[in-house]
Amino acid sequence: MHQPLDAQALDQLLRTARTYPRWQDRPVTEAQLRELYDLVRYGPTSMNCQPARLLFLQTAAAKERLVPALMEGNVAKVREAPVTAILAHDTRFAELMPEVWPHNPGAEAMFTSNPPLAQLTAFRNGTLQGAYLILAARALGLDAGPMSGFDNAKVDAEFFADGRYRSNFLIALGYGEPSSLHPRSPRLSFERAVTVL
């Protein structure tokens, strides 16, 4: 039986975790990225479809390829962060359904025969896997900074030219610089955001 996490763990994952605009000059290793993905892959997706694909930009040259697609406010974040992940989804994820959902032989055809369903499933579940990545990074002691503010078409043309993968959002990974934080923005209360029927 699962036990609730303690207050310190809840703070690290959500309550006091922040998205940093500046990053410390501390590396994130490939071993850490492998450990990170090893946690992310266990997060649930519908029919275990796992459509997310990650491209970790670690070198200065790789990050510079991303810069032309960024809004100005995100350029320094990408250049400073030890790693910037491009979270994408595989438009042909259904090809792997026989492997990841083997007990239902019709799973692949369910998506290949219905492109709108496949597109929605890939986007929804890939986004969900991006949220798992943020939480997994925090659980491993890293900070994660999700970003919009870029041109998806330019990113896809630069990094996914064959059209199979489509970018969703970016996540800077590393160790945030505490002095760069502004006061935390307000969050909506239960009463303003939730209805119970």
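Could you list all residues from the stretch 18-58 that are aliphatic (A, V, I, L, M) and over 22 Å from residue 126 (Cα atoms)? Let's see the steps before the verdict.
Within the stretch 18-58, the subset aliphatic (A, V, I, L, M) is 28, 31, 33, 36, 39-40, 47, 52, 54-55, 57.
Once the filter is applied, which keeps residues that are aliphatic (A, V, I, L, M) and over 22 Å from residue 126 (Cα atoms), the stretch 18-58 yields 28, 31.
Here is a yes/no grid of residues against (1) within 30 Å of residue 8 (Cα to Cα); (2) of a type in the set (Gly, Ala, Ser); (3) in contact with a Pro (Cβ under 8 Å, 6 or more places away or on another chain):
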residue: 53; (1), (2), (3): no, no, no
residue: 59; (1), (2), (3): no, no, no
residue: 67; (1), (2), (3): no, no, no
residue: 88; (1), (2), (3): no, yes, no
residue: 94; (1), (2), (3): no, yes, no
residue: 99; (1), (2), (3): no, no, no
residue: 105; (1), (2), (3): no, no, yes
residue: 140; (1), (2), (3): yes, no, no
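Can you find a residue in the stretch 6-15 that is among the charged types (D, E, K, R), more than 17 Å from the chain's Cα centre (by Cα), within 25 Å of residue 181 (Cβ to Cβ) and in a loop (DSSP other than H, G, I, E, B)?
Yes - at least one qualifying residue is present in the stretch 6-15.
Restricting to the stretch 120-174, name every residue that is of a type in the set (A, V, I, L, M, F, W, C), surrounded by 21 or more Cβ atoms within 10 Å (Cβ to Cβ), in contact with a Ser or Thr (Cβ under 8 Å, 6 or more places away or on another chain) and in a helix (DSSP H, G or I).
Residues satisfying the conditions are 122, 155.
Of all residues in the stretch 175-197, which are outside any loop (DSSP other than H, G, I, E, B), at pLDDT 95 or above and among the hydroxyl-bearing types (Ser, Thr, Tyr)?
none
In the stretch 67-114, what residues are buried (at least 19 other Cβ atoms within 10 Å of the Cβ), small (Gly, Ala, Ser) and not in a loop (DSSP other than H, G, I, E, B)?
69, 85, 88, 94, 107
Could you please find all residues in the stretch 57-66 being assigned to a helix (DSSP H, G or I), surrounded by fewer than 18 Cβ atoms within 10 Å (Cβ to Cβ) and of a type outside the set (Lys, Arg)?
Within the stretch 57-66, 60, 61, 62, 64 qualify.
Being over 22 Å from residue 80 (Cβ atoms) and either of a type in the set (Ser, Thr, Tyr) or surrounded by 14 or more Cβ atoms within 10 Å (Cβ to Cβ) (or both) is the filter here, so list the residues in the stretch 42-56 that pass it.
Once the filter is applied, which keeps residues that are over 22 Å from residue 80 (Cβ atoms) and either of a type in the set (Ser, Thr, Tyr) or surrounded by 14 or more Cβ atoms within 10 Å (Cβ to Cβ) (or both), the stretch 42-56 yields 42, 43, 45, 46, 47, 48, 49, 50, 51, 52, 53.
Would you mind telling me which numbered condition in (1) touching a residue at least 60 places away in the same chain (Cβ under 8 Å); (2) more than 15 Å from the chain's Cα centre (by Cα) residue 197 fails?
(1)
Looking at (1) among the basic types (Lys, Arg); (2) over 22 Å from residue 36 (Cβ atoms); (3) without any contact (Cβ under 8 Å) to a residue 40 or more places away in the chain, find the lone condition where residue 92 falls short.
(3)
The values are calculated or read from the model by the stated rules, or taken from the named source; none is laboratory data. This one's a predicted model, so the numbers in the text were calculated from it and none came from an experiment. For neighbour counting, all protein chains shown are included, and Cβ atoms are generated from backbone atoms with ideal geometry for every residue, glycine included.
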